[in-house]
1. Take the range 99-139 and flag every residue that is over 14 Å from residue 84 (Cβ atoms) and within 19 Å of the chain's Cα centre (by Cα).
2. Taking residue 68 as the residue in question, decide whether it is touching a residue at least 40 places away in the same chain (Cβ under 8 Å), part of a helix (DSSP H, G or I) and either farther than 27 Å from residue 126 by Cβ or within 15 Å of the chain's Cα centre (by Cα) (or both).
3. Scan (1) touching a helix residue (DSSP H, G or I) at 6+ places or on another chain (Cβ under 7 Å); (2) assigned to a helix (DSSP H, G or I); (3) touching a residue at least 40 places away in the same chain (Cβ under 8 Å) for the single condition residue 79 breaks and write down its number.
4. Scan the range 60-72 and tell me whether some residue there is touching a helix residue (DSSP H, G or I) at 6+ places or on another chain (Cβ under 6 Å), surrounded by 10 or more Cβ atoms within 10 Å (Cβ to Cβ) and under 20 Å from residue 91 (Cα atoms).
5. For residues that are exposed (fewer than 10 other Cβ atoms within 10 Å of the Cβ) and in a loop (DSSP other than H, G, I, E, B), scanning just the range 124-139, find the one that is modelled with the lowest pLDDT.
6. Report, by residue number, each residue of the range 49-59 that is surrounded by fewer than 16 Cβ atoms within 10 Å (Cβ to Cβ) and under 18 Å from the mean Cα position of the chain (by Cα).
7. Residues in the range 81-101 that are surrounded by fewer than 13 Cβ atoms within 10 Å (Cβ to Cβ) and within 17 Å of residue 129 (Cα to Cα): how many?
8. Is it true that residue 46 is surrounded by 13 or more Cβ atoms within 10 Å (Cβ to Cβ), in contact (Cβ under 8 Å) with a residue 12 or more places away in the chain, part of a helix (DSSP H, G or I) and touching a helix residue (DSSP H, G or I) at 6+ places or on another chain (Cβ under 8 Å)?
């Protein structure tokens, strides 16, 4: 032996603590709270990405409509995310905007069709085209 002490840790274990006032079986508590953990991420995404925490005006009906439009945008984004490559499915809306929406493009109307012409040097051009194909296949 060279005098060195080597420690080998078992990395297969995972530790977590749940503080609750529920008197359930441990496995039931874990299942119940694991379903709720990701909900905070959805709420954070809605607030940060779609400004759902902002009130537009003092008019209740206008604010209701504003919130409904934001919810529609959020749901459309979630649906669009299903059409993405696996690497892009974890993107937040801010990252998705940066990668795919902040690009030079021209919207052209021709023969009753609307065409989005992307810049030729757009790095995600082929990824976006694959997303377009998958979106067109949705029912």
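1. Across the range 99-139, the qualifying residue is only 102.
2. no
3. For residue 79, the exception is condition (1).
4. Filtering the range 60-72 down to residues touching a helix residue (DSSP H, G or I) at 6+ places or on another chain (Cβ under 6 Å) leaves 70.
Subset that is surrounded by 10 or more Cβ atoms within 10 Å (Cβ to Cβ): 70.
Retained after the next criterion (residues that are under 20 Å from residue 91 (Cα atoms)): 70.
Yes.
5. Taking the candidates together, the pick is 139.
6. Taking the range 49-59 as the starting set, the residues that turn out to be surrounded by fewer than 16 Cβ atoms within 10 Å (Cβ to Cβ) are 51, 53-59.
Answer for the range 49-59, where residues must be surrounded by fewer than 16 Cβ atoms within 10 Å (Cβ to Cβ) and under 18 Å from the mean Cα position of the chain (by Cα): 51, 53.
7. 7
8. Working: surrounded by 13 or more Cβ atoms within 10 Å (Cβ to Cβ): yes; in contact (Cβ under 8 Å) with a residue 12 or more places away in the chain: yes; part of a helix (DSSP H, G or I): yes; touching a helix residue (DSSP H, G or I) at 6+ places or on another chain (Cβ under 8 Å): yes.
The answer is yes for residue 46.
The values are calculated or read from the model by the stated rules, or taken from the named source; none is laboratory data. On a predicted model such as this, the values are computed, not experimentally measured, just so you know. Cβ coordinates were reconstructed from backbone atoms using ideal geometry, including for glycine residues, and neighbour counts include every protein chain displayed.
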